[in-house]
Amino acid sequence: MATTTTAAAAAPGGFEPEPLLTPAEVATMFRVDPKTVTRWAKAGRLSSIRTLGGHRRYREMEVRELLTGR
């Protein structure tokens, strides 16, 4: 199972951070190259979040829905 990164370590008020995946983790799930995942994001097939450093992260729930064809 891939290791997930969270949007925030811990937030007040019981907010549960959304699990985010790196391009490499998404690529492993789909058995494609990480650059393919980036192309999907640029084409609008998959939405991405940018980190402060400019790296892409993908919502785990959205990736799993795409993977199952929902």
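When both residues are 6+ apart or on different chains and their Cβ atoms are under 8 Å apart, which pairs have a first residue that lies in the stretch 13-39 and is under 17 Å from Glu60 (Cβ atoms) and among the aromatic types (Phe, Trp, Tyr), and a second that is modelled with pLDDT under 95 and not in a strand (DSSP E or B)?
Phe15/Ala8; Phe30/Leu67
Give the residue, chosen from Ala43, Ala8, Ala27, that is modelled with pLDDT under 95 and not hydroxyl-bearing (Ser, Thr, Tyr).
Ala8
Please go through the stretch 21-64 and give me each residue that is in a loop (DSSP other than H, G, I, E, B) and not hydrophobic (A, V, I, L, M, F, W, C), ordered by number.
Thr22, Arg31, Asp33, Gly44, Arg45, Ser47, Ser48, Thr51, Gly53, Gly54, His55
Please work out which one of (1) at pLDDT below 95; (2) surrounded by 13 or more Cβ atoms within 10 Å (Cβ to Cβ) is the condition Leu67 fails and give its number.
Condition not satisfied by Leu67: (2).
Are there any pairs with C-beta distances below 8 angstrom linking a residue in the stretch 48-66 that is more than 15 Å from Ala24 (Cβ to Cβ) to a residue that is acidic (Asp, Glu), with the two at least 6 apart or on different chains, and if so which?
Arg59/Glu18; Met61/Glu18
The values are calculated or read from the model by the stated rules, or taken from the named source; none is laboratory data. Small disclaimer: the values here were computed from a predicted structure and weren't measured. Note that we place each Cβ from the backbone using ideal geometry, even for glycine, and neighbour counts take in every protein chain shown.
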